[in-house]
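Working notes for the structure below.
The values are calculated or read from the model by the stated rules, or taken from the named source; none is laboratory data. Predicted, not measured: the structure shown is a model, and the values here were computed from it. All Cβ positions, even for glycine, are placed from backbone atoms using ideal geometry, and neighbour counts span all protein chains on display. Please note that ligands, DNA and RNA were not included when accessible areas were found on the heavy atoms of the full protein model with its side chains. Shrake-Rupley method; radii C 1.70, N 1.55, O 1.52, S 1.80 Å.
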Amino acid sequence: MARRLLSLAFIFVGATIVALGQISPHGPVKFDCQTCHMTDSWEMRKDDGFDHGTTGFALIGRHKSLDCASCHDGLKFTSQSTKCLSCHTDIHKSELGENCMRCHTTVSWRITDMIQRHQQTRFPLVGKHLTLNCEACHANIASHQYSGTATTCIGCHRVDFQASQNPNHTTAGFSTECSGCHRVTAFTWGQGFDHDLTAFPLVGAHRAVACASCHQNGRFKGTPMQCSSCHREEYASSRNPNHAMAGFTMECQTCHTVAGWTGGRYDHTALTLFPLTGAHIQLQCSNCHGDNIFVGRSVDCVSCHQAALAGTHSPNHASSGFPQQCALCHSTMSWIPSSFNHSTSQFPLTGAHQAVVCAQCHVNNQYQGLTTNCYDCHTQDFNTVASPNHITGNFSHTCTQCHTTTTWTPSTFNHSTTLFPLTGAHIATTCQGCHINGNYQLHYTDCYQCHQTDFQQTTNPNHVAGNFSHDCTQCHSTMAWSPATFNHSTTLFPLTGAHTSTPCQSCHVNGNYQLHYTDCYQCHQSDYQQVTNPNHVTQQFAHNCTQCHSTSVWTPNTMSHDSRWFRIYSGRHRNEWTQCSECHTTPGNLTSFSCIDCHEHQRSNVDPRHTGVSNYIYSSPACYSCHRNA
């Protein structure tokens, strides 16, 4: 009971101190006392309820198992530093910085992955360096001093550099930048040398050459890299071709490779004006440069092929005066067969000409100044043709108008090139059908010239009696003479309605096709005179039948009383009184009518509403203005 009272008193005192604004013995902490202390005593809580991470320094690794007093000296907690060096002595004497976590962890102070961490430094470990102990490079490791360790090769390998005798690095004046010859990935000093790291990489046959062959008398620095510095003897002794006499360049790589001195291949295409192609590729240099002249050598074919030019007789090049540009007919593959392209001349060979032997056209080896006119070679063909006879027909000597180079017959004359293109049945007509007696010099294109008989024999209608035009194309086509294709719409009287099926003779009586009128009355006078309802004659109707009739049929008519004369709106006028005479009672006078004629009206019976209506007795429109539906 007493202990409980003491605890309550303690709590009361603590609360009183806080209430009075006094400072906690731990400093200005931000959490309640019972977070760490028990409520029945000031002792620390036995459970692990306090979260150190709320302070900004989470306890992990070995920090988690330490007593609070190991880090917190005294009751003031808020002034404790979170830096490693506040608790751990810096054995590296600040040379590696204050961040111990770069190498160490909270689990253990020992470093188990130093090699991996070393790869992040300025000197990653590769090759032999991976197998060395730290002490091999870090001489002051016992006192934990790493700063100042050399990162250059010579810093560690000066003894190796000075002890090297093959070659002697010191006397040869080698650079102390060892990586210029040695690879850092090598596991021994000698094995690391790589000539490819120098300014003269070894390739081809150079790889098998002893160092002393090039570096004589131990000379390495300033060794010349020009081919001629080592290969002057080979240059001077070369006889095929003789390099010195020919004045060849001493840039040996122009013709030779590092694979070997012999078997060199000069790039004739890239380095000269005469690329080697065809059979030239397999020739020895001496075949062309037998006199050891390489500079200023002519590139003309005839300079080497003079004998071939003079010895060719089919055709004879010399007597025919052939040009000396051999490439016009020959290729570099071989002298024969020739590859003359006749298309490069003024007479390209096409069709049957391609299979003709040269001598057939080039008689007596004549190749210069030959004509390109077809007639000069085909005169006999021209003279012997009888269908049609070219001579009597006075045909042009330009054979290409009708013939091709494929064959002389059949001809390919295109009639469309004349003033009379062939269409329809004309295409199948023989030439003699029009060109009678071999007359091909026709200068007319009038149908009547050939179709006069057809014109005169036609009776339905009779073209002669009807004085028809000789321009047959107005009614006929080239497909056939009949049926005709006359288009009446091209006249002043287009056919519509029943007119389209009316025979021509119905209108063109007695073969009269030269009608110059388009009045309906001319043909429909009988219809006009026979009509009694209304009587067109007595009523003196206009002869312009289209006012009431259409071309489709004479009856029923299409007269519109509303639009042309007196408007009938509706009622009995439209539905019951259908005869004209019911309103137009005066015979022969359809213009005489008024409402009062049918609807008797006296002045004494005039409705007061009629006051002001003038002439209502005589004016039907006056009545209709009110009585629209009578």
Q: Restrict the check to region 67-88 and report whether at least one residue is surrounded by 10 or more Cβ atoms within 10 Å (Cβ to Cβ), in contact with a helix residue (DSSP H, G or I) (Cβ under 7 Å, 6 or more places away or on another chain) and outside any loop (DSSP other than H, G, I, E, B).
A: yes
Q) Going through region 264-292 one residue at a time, which ones are closer than 30 Å to A208 by Cα and open to solvent by 80 Å² or more (accessible area, probe 1.4 Å)? A) R265, Y266
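So, in region 140-155, exactly how many residues are in a helix (DSSP H, G or I) and open to solvent by less than 70 Å² (accessible area, probe 1.4 Å)?
Going through region 140-155, the residues in a helix (DSSP H, G or I) turn out to be 141-143, 153-155.
Going one step further and asking which of them are open to solvent by less than 70 Å² (accessible area, probe 1.4 Å), we end up with 141, 143, 153-155.
Residues flagged as in a helix (DSSP H, G or I) and open to solvent by less than 70 Å² (accessible area, probe 1.4 Å) within region 140-155 amount to 5.
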Q: Check whether at least one residue in region 213-222 is modelled with pLDDT of 80 or more, aromatic (F, W, Y) and not in a helix (DSSP H, G or I), and report yes or no.
A: no
Q: Go through region 246-259 and count every residue that is surrounded by 12 or more Cβ atoms within 10 Å (Cβ to Cβ) and either touching a residue at least 40 places away in the same chain (Cβ under 8 Å) or not in a loop (DSSP other than H, G, I, E, B) (or both).
A: 7
Q. Out of region 533-555, which residues are open to solvent by 70 Å² or more (accessible area, probe 1.4 Å) and in contact with a Cys (Cβ under 8 Å, 6 or more places away or on another chain)?
A. N533, H543, N544, T546
Q. When residues of region 90-139 are filtered for being assigned to a helix (DSSP H, G or I), under 30 Å from K64 (Cα atoms) and among the aliphatic types (A, V, I, L, M), how many remain?
A. 3
Q. For A308, all conditions in the list (1) assigned to a loop (DSSP other than H, G, I, E, B); (2) open to solvent by less than 70 Å² (accessible area, probe 1.4 Å) hold save one; what is the number of the exception?
A. (1)
Q: Among the residues of region 392-415, count how many are free of Cβ contacts under 8 Å to residues at least 40 places away in the same chain, of a type in the set (S, T, Y) and under 21 Å from N437 (Cβ atoms).
A: 2
Q. Given the structure, is E135 open to solvent by 70 Å² or more (accessible area, probe 1.4 Å), under 28 Å from A212 (Cα atoms) and among the acidic types (D, E)?
A. no
**Q.** Candidate set: region 223-250, residues that are in contact with a His (Cβ under 7 Å, 6 or more places away or on another chain) and modelled with pLDDT under 85; chosen: the one farthest from G180 (Cα to Cα)
**A.** P241
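Being free of Cβ contacts under 8 Å to residues at least 40 places away in the same chain, within 46 Å of the chain's Cα centre (by Cα) and surrounded by 13 or more Cβ atoms within 10 Å (Cβ to Cβ) narrows it down to one residue among S343, S338, S331; which is it?
Values: S343 fails: surrounded by 13 or more Cβ atoms within 10 Å (Cβ to Cβ); S331 fails: free of Cβ contacts under 8 Å to residues at least 40 places away in the same chain.
Residue meeting the stated conditions: S338.
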Q: Mind listing whichever residues of region 170-208 are open to solvent by less than 60 Å² (accessible area, probe 1.4 Å) and over 25 Å from G155 (Cβ atoms)?
A: L202, G204, A205, H206
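Look through region 375-391, keep the residues that are within 14 Å of T409 (Cβ to Cβ) and either hydroxyl-bearing (S, T, Y) or in contact (Cβ under 8 Å) with a residue 24 or more places away in the chain (or both), and return whichever of them is least open to solvent (accessible area, probe 1.4 Å).
Let us first name the residues in region 375-391 that are within 14 Å of T409 (Cβ to Cβ), namely 378, 380-382, 384-388, 390.
Cutting the leftovers down to either hydroxyl-bearing (S, T, Y) or in contact (Cβ under 8 Å) with a residue 24 or more places away in the chain (or both) gives us 378, 381, 384, 387-388.
On the way: H378: 55, D381: 55, T384: 96, S387: 91, P388: 24 Å².
Only one residue tops the list, namely P388.
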